[in-house]
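So the structure is just underneath, and the comments pick up after that.
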Amino acid sequence: MKNLLDFIIKHSSWFVFLLLTVVSCLLLFQSNPYQHSIYLTSANAVSSSIYGLFNNVTSYFHLRGINEDLQQRNAMLENEVVSLRNQINDYKMLLPDTSTMPGNYSNFDFVIAHVISNSISQPHNYITINRGKADGVMPEMGVVDQNGVVGIVNVVGEHSARIISLLNPNLRLSCKVKNSDFFGSLVWDCVSPQYAVLEELPRHVKFEKGDTIITSGYSAVFPEGLIVGTIEDRMPTNDDNFYTLKIKLTTDFSRLSTVRAIKNGMKGELDALEAADYNSKKGGWN
Amino acid sequence: MSANWVMCLSFLLGLGVDIFSDTQGMNALASTILAASRKWVFQLYFPREDDLGNPVPSMRSLGLVVYAKYMLTAVLLYCIAVFFIQAFTLRHFEITLLRIISSSVLTFLMLLGFDSIATTRHSEKRL
């Protein structure tokens, strides 16, 4: 026993090194997002308050560009609203007994937040916002800004939250080509912060360069129709049955400032449905 | 300071950096590796000092050239560890290599700058 203790004391630095390496590797390889302790990410109170302070100062330097962006977007939206109103009036004249058209967006509500920490150059990028549980942000809420899709909320603190950015290969977004129903999987390929890759698009789809890619609505996280990007090019692929397309993202990740987190009223119901289906399948195998 | 305390301290420092930058465990692992290899890097560059135990590396006790060599090795080791853990694949090897080299150069220059500010002139001893 004494010899064992002497051995341990003599080589104590190796044991300490081994212990610390094991702890770091545990932290590194915990990929389950529900296990990420909120103390160890930037969503905790200390780091988010420090980031908030820095952001108060630096955000003033970007205001001019953001304002111009917003004005352009407002003008576009107002034009769209006017043309849609005209369309509705035309339809009302043709079909006088159509009362009200059901709105896709009646189930969705927004929480507006400011980005206080962002990164675009790492292999896995995360964004921190200054709204948390107390403001209604919950995990797995989709986040968009005025240009396009930003990411999905991952860890939520009391007054801050961390978002898995679209520039993160762990995030796959279900997207489709506008005006068609063919859907594929959008994922970032770690090369440039302006381009992502749309995979698993069936080969018989007709498309042109410049076609818009929108969210397909096949998840409870993002509603249908949110613009994600435009088709830039076709990439060479090994798979004979599916296309891989290079997509230019409309979101400018280097200038994120204000984002909206989408509250989906139907999410609880859809999640319960999926869980019930999974449980019944499990029971059915017995 | 004994080697164990140095390792624990560097682990905590790396963990602090990780908490702020959303990279879990990456910097902690890299700084632990750096602390563990510190003794080995000493033996590589310093004259054999068996009677001194754990010498404190600084520009004063070592002279500029030896200190610069020691720091470059240590910085290179840390950057290699961090960027390889971050990438975790050998796929885009050129990009990883570019990151390692540019980070090492920048860190080395900055540390050299900081240390020369901290060095006071009156501590030049005559043996």
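Just so it is clear, none of the values below were taken in a lab; they were calculated from the coordinates. Values in this document were obtained by computation on a predicted structure and should not be read as measured data. Cβ coordinates were reconstructed from backbone atoms using ideal geometry, including for glycine residues, and neighbour counts include every protein chain displayed.
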With R₀ set to 60 angstrom, the calculated FRET efficiency between the beta-carbons of A:VAL81 and B:VAL65, to the nearest 0.05, is 0.30
Using a 10 angstrom cutoff on alpha carbons, build the Gaussian network for chain A and name the most mobile of A:ASN147, A:ASN74, A:ASN55.
-> A:ASN74
Fewest to most Cβ atoms within 10 Å: B:THR89, A:THR244 sort as B:THR89, A:THR244
Per-residue ³J(HN,Hα) for the stretch A:211-219, Karplus 6.51 cos²θ - 1.76 cosθ + 1.60, θ = phi - 60°, Hz, x for Gly and Pro = 4, 7, 9, 10, 5, 8, x, 8, 9
Name the long-range amide H neighbours of A:MET141: under 5 Å, sequence gap of 5 or more, or other chain; modelled H, no Pro or chain starts.
-> A:VAL153
Partners for A:LYS246 among aspartates and glutamates (Cα-Cα distance below 13 Å; same-chain residues under 8 apart left out) | A:ASP189, A:GLU199, A:GLU200, A:GLU208, A:ASP211, A:GLU232, A:ASP233
Name the residues whose placed amide hydrogens come within less than 5 Å of the amide hydrogen of B:GLN24, ignoring near sequence neighbours (fewer than 5 apart) on the same chain.
-> none
Kyte-Doolittle at least 1.0, axis length at least 15 Å by Cα - qualifying DSSP helices, chain A = A:12-29
If you take all C-alpha pairs in the protein assembly as shown, what percent of them are over 36 Å apart?
-> 42 percent
Pairwise label distance in nanometres, A:GLN30 with A:LYS263, each label 7 Å out on the Cα-Cβ vector | 2.9 nm
19 Å Cα-Cα reach of B:LYS39 towards aspartates and glutamates, excluding residues that sit fewer than 8 places from it in its own chain = B:GLU49, B:ASP50, B:ASP51
Cα gyration tensor, the stretch A:157-286 - rounded (a/c under 1.5), prolate or oblate = oblate
Just need the relative contact order of chain A here, percent rounded to a whole number, with Cα pairs under 8 Å and 6+ apart.
-> 17 percent
Förster radius 35 Å - calculated FRET efficiency between A:LEU53 and B:LEU106 (Cβ-Cβ, nearest 0.05) = 0.85
What value, in deg cm²/dmol to 500, does the helix sum -39500 (n - 2.57) over DSSP H runs of n ≥ 4 give at 222 nm once divided by the residues of chain A?
-> -11000 deg cm²/dmol
